Structures are given as C-alpha cells and as structure tokens.
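Asks: Would you mind keeping the following structure in view while I ask a few things?
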Amino acid sequence: MRLMPAAIGLSVGISLLGCELHAQQEPDHRLYQYHFGEISIPPASEDEPIAENLSIERAVTYLESGAEAWANNRGCVSCHTTGWYGILRPQLAESLGQPDATFRAFLEQRLQERLTEDPEELEQGVNPAEVVHLAASLASWDAYVDQRLSPETEQALQLMFSLQRDDGAWHSPDTWPPFESDAFQLATVAAMGVGLAPGWLEQATSPELQRQIASLREYLRRVPPPHDYARVALLWADPYLPGVIGADRKQDIVRMILDRQRPDGGWSIRSFAQPEQWGRGNRAERLRAEADFGDPASDGHQTGLAVVVLSSAGVPPTHPAVQRGVEWLRRNQRQSGRWWTKSLNTETWHFITYTGTLYPVMALAVTSSLASPSSEER
C-alpha cells in the first residue's frame, strides 16, 4: 500500500465537510469504483460473472487497492472502506500476512489532524463516526500487529470519549445505511475499539473514563436496537465489552440470525431491517421499489457478517448453518474478486461491496476456510 503524503494532507478540508465531497482525484463512477495512480477498479455490478474458482488473492488485491485509493483520494477513515479495513485487516495478519506499515502511518497522521480541530466541529456530521472507526482501527493494530498498547491508541480513545453524548452514544447523521444509519451501530463500534485496545480497559481508572465507559455499556444495555441489523452489531460487540447483553438475549440474536438464512445458504442485508428503519427512512421508497423487495437475494456483506458474528458468539464452524454460509461464499465470488452487494444508498458506487468482500474474507478466515492468498483453489 502506497499512501502519498500530499494526498493524506488533503484530509482535513475534505472530512470536515464529510467524505461524500469530491477530492481532487475523485473517480468517475461510470469508469471506476476506486481509482488512484495505477489503481483502476471498475464499477461493481450485479451482472459481473461468477468466478470459476474461489480466489483469495483477487479478493485481497481488491481490498488492499480499495483502501489505498480511498486513503489517498479522500484522506479520511471512512466507515465503508478504510474504517472497516483498519479494524479487520490487522485481525487477518496471521492468515494474510502483516498489513502495510504505511496504513498505520496514515492512521496516526489522521489522528494528529483530528486532535488539532475544533471540538465543536468534531461533534458534527460524520466526524464522530470517523473518530470512532479511527480509534478502533488503531486499537486493532495494537492488538494484532504490535501486541502492545500505543500512545496513539490511548489518544484516539480519549478523543473518542470526548465526543460522547450524554446518553452514552455518539452523534450519527442517520443518513447512509448501514454504517452511518444510526447512533446505536456507531456505539457498537466504539465498544469494539474499547475492547480491542490491549490492556486499556484495565488502565482506564480515572473517574471520568470509568463514567464514560459505564455510560456506553448502559446505553447498549438500555436502548433497544433500531432493527435486526443493529442486533447483529450488538452481538458482535458483546465480547469486546463484556456484560452488554445477557446469555438469553445473546441466544435470541443467534437464533434470529440462523432463522434469516436463505435456502441457498446465504443471508441478505435487506431482510435485517424494514426500509423505513434505515436512518431517517429517507431511502424507503426506493428500497421498496426494488424488483426483489419481497424476496431479496443473498449478498456478500450480510453472509460474511453472519458467519463472522455467529463464530464470535461461539457457534462452531461445523454447525450446518455456518457450513452452508461458507459454501455460499465459495460459490458466489465474482471474477473481480468481490462479492456482490447492492448499495442501500445509490445506484452507482455500491461501496458496500467493500465490506461485502472484507466480511467474506474474514468469515473464511475464522472458519479455517481461507485458501492461501498466493494461490487459487483448483
């Protein structure tokens, strides 16, 4: 991964107004999904042919290239690309090799920029979401790459909690599902960051931090998840901040996920929330007009996520539902290395295919089904 310093420097002006704004090298969605320098990733399309054989190498190339292009073009830790890449790529170090150190440098640079900004501006728009994903990304790197708590992660977590609302959550624009759709989902990512940082919870002994951590835990206990997708996120966060949900509630969510598995072995993100439940419901009319609204197809995002979260909840890889999910992933990779997931927001970018590929790779790794990234399955 090659992160250009000049491009990283663009990040302050861009992300203060939100990552939706165009940077100087913004790709034309008619030609590219991601584009920077020699990186030219074509648009994601439902019509892209299925790959003949599973190729982890192509999936990893897509993920690494997409993160590099986004970091250089946009200069921010976005939820749908660099945010989740930062959280999960370190956890794949044993399977895929160490992540590139330039990405860690990018995270540290972004943190320093955020630390110098007006706190009142940081509380607005998508800024809290970036800070939360930035903190979780640094914490994950500490846990799985350096295996020690770094000063940068401590700074990021302090900054994250400085933006916490009185109710224990963080501001969300409630606009772009699934990641910037509600404060609840963002709180689950914050919980993951807290738990990922090596030894941080044990060291966070100041009365103020103790109050803030308790407020986050209480929020996740008290506030009803706005939809079933948020219940999945809550289950994923539970091991990182113990005591968020009890055993009975945990099993209820596991059963819900199992019940939503489709006959082909996959899961569909569209079956985990009604259109009106995403954010402010501003996408509802378009989502209800989709041709397969009554029977939405399985997708890479939700299938990968379901397998990962079931595994984190203790469902073994030998469970029939997990095995069927893994087989769906093996059968449904596209020739580009992606797994298709249709955007909940637009008809063009389909950036959800990024986590729609990252989650499947993670799912294959946690179930010991990941082929070598340097060879293809024959």
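Asks: Looking at (1) within 18 Å of the chain's Cα centre (by Cα); (2) among the basic types (Lys, Arg); (3) farther than 26 Å from residue 174 by Cβ, which is the one condition that is false for residue 231?
Replies: Failing condition for residue 231: (3).
Asks: To continue, here is another question. Return yes or no: is residue 349 surrounded by fewer than 24 Cβ atoms within 10 Å (Cβ to Cβ), under 21 Å from the mean Cα position of the chain (by Cα) and aromatic (Phe, Trp, Tyr)?
Replies: Yes.
Asks: For the stretch 91-120, give me each residue that is closer than 21 Å to residue 155 by Cα, part of a helix (DSSP H, G or I) and not aliphatic (A, V, I, L, M).
Replies: Of everything in the stretch 91-120, those that are closer than 21 Å to residue 155 by Cα, part of a helix (DSSP H, G or I) and not aliphatic (A, V, I, L, M) turn out to be 102, 103, 104, 106, 108, 109, 110, 112, 113, 114, 119, 120.
Asks: Then there's this: Could you go through the stretch 84-105 and let me know if any residue there is under 26 Å from residue 174 (Cα atoms) and polar (S, T, N, Q).
Replies: no
Asks: If I filter the stretch 271-288 down to residues being open to solvent by less than 50 Å² (accessible area, probe 1.4 Å) and assigned to a helix (DSSP H, G or I), which single residue comes out as nearest to residue 322 (Cα to Cα)?
Replies: Looking at the filtered set, the residue picked out is 271.
Asks: For residues that are in contact (Cβ under 8 Å) with a residue 60 or more places away in the chain and over 23 Å from residue 352 (Cα atoms), tally how many sit in the stretch 254-275.
Replies: Total meeting the criteria: 1.
Asks: Taking the residues in the stretch 95-139 that are in contact (Cβ under 8 Å) with a residue 12 or more places away in the chain and β-branched (Val, Ile, Thr) as candidates, determine which candidate is most open to solvent (accessible area, probe 1.4 Å).
Replies: Among those that are in contact (Cβ under 8 Å) with a residue 12 or more places away in the chain and β-branched (Val, Ile, Thr), it is 102.
Asks: Moving on to the next point. Which one is nearest to the chain's Cα centre (by Cα) among residues in the stretch 50-84 that are crowded, with 24+ Cβ neighbours inside 10 Å and among the small types (Gly, Ala, Ser)?
Replies: 83
Asks: Moving to a separate point now. Among the listed residues 147, 155, 251, 210, which satisfies the condition of being within 17 Å of residue 130 (Cα to Cα), over 21 Å from the mean Cα position of the chain (by Cα), surrounded by fewer than 21 Cβ atoms within 10 Å (Cβ to Cβ) and not aromatic (Phe, Trp, Tyr)?
Replies: Sole residue among the options that is within 17 Å of residue 130 (Cα to Cα), over 21 Å from the mean Cα position of the chain (by Cα), surrounded by fewer than 21 Cβ atoms within 10 Å (Cβ to Cβ) and not aromatic (Phe, Trp, Tyr): 155.
Asks: I need a count of the residues in the stretch 170-207 that are within 23 Å of residue 91 (Cβ to Cβ), open to solvent by less than 20 Å² (accessible area, probe 1.4 Å) and of a type in the set (Gly, Ala, Ser).
Replies: 6
Asks: Quick check on this structure: which one of 311, 368 is part of a loop (DSSP other than H, G, I, E, B), closer than 21 Å to residue 93 by Cα and over 16 Å from the mean Cα position of the chain (by Cα)?
Replies: 368
Asks: Of the residues that make up the stretch 298-320, is at least one more than 20 Å from residue 230 (Cα to Cα), of a type outside the set (D, E, K, R), open to solvent by 10 Å² or more (accessible area, probe 1.4 Å) and in contact (Cβ under 8 Å) with a residue 40 or more places away in the chain?
Replies: Checked the stretch 298-320: at least one residue is more than 20 Å from residue 230 (Cα to Cα), of a type outside the set (D, E, K, R), open to solvent by 10 Å² or more (accessible area, probe 1.4 Å) and in contact (Cβ under 8 Å) with a residue 40 or more places away in the chain.
The values are calculated or read from the model by the stated rules, or taken from the named source; none is laboratory data. Bear in mind the structure is a predicted one, so any value in this text is a computation, not a measurement. As a convention, Cβ positions derive from the backbone with ideal geometry for all residues, glycine included, and neighbour counts pool all protein chains shown. Calculation scope for accessible area: heavy atoms of the full protein, side chains included, ligands and nucleic acids excluded. Shrake-Rupley method; radii C 1.70, N 1.55, O 1.52, S 1.80 Å.
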